[in-house]
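Engineer: Let me give you the structure first, and then I'll get to my questions.
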Amino acid sequence: MEIHFSIPGPPKAKGRPRVTVRNGHARAFTPKATRAYERLVSQCAQLAKKGVFEGPLRVELLAVVPRPKRLMRKSDPDGLLPCPTRPDIDNYVKAVLDGCACLWGDDAQVVDLVAKKRYSERGGEPRMEVTICDL
């Protein structure tokens, strides 16, 4: 089984857990923006869902971030360009894998992972493209 879906809008990196103390007990929680993005990922995954994946999986991610104005000159290439800026690509991966929990029992099933981070095409929209398949 293989599914492919796209998450519209700029990709969001998973935020660091925040910790508060209440009544002498520490409590960790995920930031609000991260929870919202993981919900969006889950909704997009549900629309593409063909069933629950079992066994080892391969996941391919393409994070397409907005192209900065400095790369909009006529002399700059038109297609996707490598994006060496922050946030780190592994934080994008964490947010998407956590959001895709509805597709599998445990994200430990992911044994092959390909992740790329690129600036969008000139005039292109930022997005996250996800492909998941059985091995």
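Engineer: What's the number of the only condition in (1) surrounded by 15 or more Cβ atoms within 10 Å (Cβ to Cβ); (2) in contact (Cβ under 8 Å) with a residue 60 or more places away in the chain that Met1 fails to meet?
Structural biologist: Answer for Met1: the failing condition is (1).
Engineer: Any idea which of Ala36, Ala63 is within 16 Å of the chain's Cα centre (by Cα), in a strand (DSSP E or B) and among the aliphatic types (A, V, I, L, M)?
Structural biologist: Just a single option satisfies the conditions, and that option is Ala63.
Engineer: Right, next: Only one of these conditions is not met by Arg70: (1) basic (Lys, Arg); (2) part of a helix (DSSP H, G or I); (3) in contact with a helix residue (DSSP H, G or I) (Cβ under 9 Å, 6 or more places away or on another chain). Which number is it?
Structural biologist: Single failed check for Arg70: (3).
Engineer: Something else: Tally the residues that are surrounded by 12 or more Cβ atoms within 10 Å (Cβ to Cβ) and among the aromatic types (Phe, Trp, Tyr), restricting the search to region 21-32.
Structural biologist: Summing the residues that are surrounded by 12 or more Cβ atoms within 10 Å (Cβ to Cβ) and among the aromatic types (Phe, Trp, Tyr) in region 21-32 gives 0.
Engineer: Among residues belonging to region 79-135 that are of a type in the set (Val, Ile, Thr) and in a helix (DSSP H, G or I), point out the one that is farthest from the chain's Cα centre (by Cα).
Structural biologist: Among those residues, the one meeting the criterion is Ile89.
Engineer: Let me ask something additional. Quick one: in region 16-33, which of the residues that are of a type in the set (S, T, N, Q) and outside any strand (DSSP E or B) is nearest to Asp134 (Cα to Cα)?
Structural biologist: Step by step, filter region 16-33, then rank; the result is Thr30.
Engineer: What are the pairs with Cβ atoms under 9 angstrom where one residue, in region 101-125, is closer than 26 Å to Arg86 by Cβ and free of Cβ contacts under 8 Å to residues at least 24 places away in the same chain and the other, located anywhere, is loosely packed, with under 12 Cβ neighbours inside 10 Å and of a type outside the set (Phe, Trp, Tyr)? Sequence gap at least six, or different chains.
Structural biologist: Gly123/Asp78
Engineer: Shifting gears a bit: Would you mention how many residues in region 57-77 are touching a Leu at 6+ places or on another chain (Cβ under 9 Å) and either surrounded by fewer than 18 Cβ atoms within 10 Å (Cβ to Cβ) or among the aliphatic types (A, V, I, L, M) (or both)?
Structural biologist: Of the residues in region 57-77, 9 are touching a Leu at 6+ places or on another chain (Cβ under 9 Å) and either surrounded by fewer than 18 Cβ atoms within 10 Å (Cβ to Cβ) or among the aliphatic types (A, V, I, L, M) (or both).
Engineer: Would region 33-56 turn up any residue that is β-branched (Val, Ile, Thr), free of Cβ contacts under 8 Å to residues at least 40 places away in the same chain and surrounded by 12 or more Cβ atoms within 10 Å (Cβ to Cβ)?
Structural biologist: No: region 33-56 contains no residue that is β-branched (Val, Ile, Thr), free of Cβ contacts under 8 Å to residues at least 40 places away in the same chain and surrounded by 12 or more Cβ atoms within 10 Å (Cβ to Cβ).
Engineer: Here's another thing I want to ask about it. Is it the case that region 60-78 has a residue that's farther than 14 Å from Met128 by Cα, of a type in the set (Val, Ile, Thr) and in contact with a strand residue (DSSP E or B) (Cβ under 7 Å, 6 or more places away or on another chain)?
Structural biologist: no
Just so you know, all these numbers are worked out from the coordinates, no wet-lab data involved. Treat the numbers as computed from the prediction; the structure is a model and nothing was measured. Note: ideal-geometry Cβ built from the backbone for every residue, glycine included; neighbour counts use all protein chains shown.
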